[in-house]
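Visitor: Quick one: structure below, then a few questions.
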Amino acid sequence: IVIKLAEQGKIVVYQQPLQFSDEFSKDGLLLETVTKEIAKLQATGQIDIRTDLNITFIGDKRVLSDLALLAESGYGEDHFGNNIALPKELAYLRR
C-alpha cells in the first residue's frame, strides 16, 4: 500500500528500505494497521504525505513574494530533510 501511494505521488519516501514496526506483522484490521504504520513512518521522518492546499491571503502583499522564495528554496530543507541555506532575501528569518 505504501509503495502504491508513493507511485501515485501521494507520499514521499525518504528512506529505503522502510523500517516497518513489529506491529505490522500482527493480525488485525488492514485499514487500522496500515493507518498506524503510515502515521509511525511519518512521525519518524521516513515518509511525508503530499497535500495540495488552496488559500486566500489577506494582508500585506509583499509577504507573498517572501513566501514564494521560501517555497522555491524548499522551506530551508533539501529533498532529504537536511537544512540548507535560505536565499539572501530571506536572511531576516534567521534572526
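The values are calculated or read from the model by the stated rules, or taken from the named source; none is laboratory data. As the structure is a computational prediction, the values presented were derived from the model and not from experiment. Please note: Cβ atoms are built from the backbone with ideal geometry, for glycine as well, and neighbour counts cover all protein chains shown.
Visitor: If you scan segment 80-95, which residues turn out to be exposed (fewer than 10 other Cβ atoms within 10 Å of the Cβ) and either touching a residue at least 60 places away in the same chain (Cβ under 8 Å) or over 23 Å from GLN16 (Cα atoms) (or both)?
Guide: Residues satisfying the conditions are PHE80, LYS88, TYR92, ARG94, ARG95.
Visitor: Only one of THR44, THR51 is loosely packed, with under 10 Cβ neighbours inside 10 Å, under 13 Å from the mean Cα position of the chain (by Cα) and not small (Gly, Ala, Ser). Can you tell me which?
Guide: Among THR44, THR51, only THR51 is loosely packed, with under 10 Cβ neighbours inside 10 Å, under 13 Å from the mean Cα position of the chain (by Cα) and not small (Gly, Ala, Ser).
Visitor: Can you give me the ranges of the helices (runs of 4 or more DSSP H) entirely in the chain with at least 1 residues that are modelled with pLDDT of 90 or more and charged (D, E, K, R)?
Guide: 62-72
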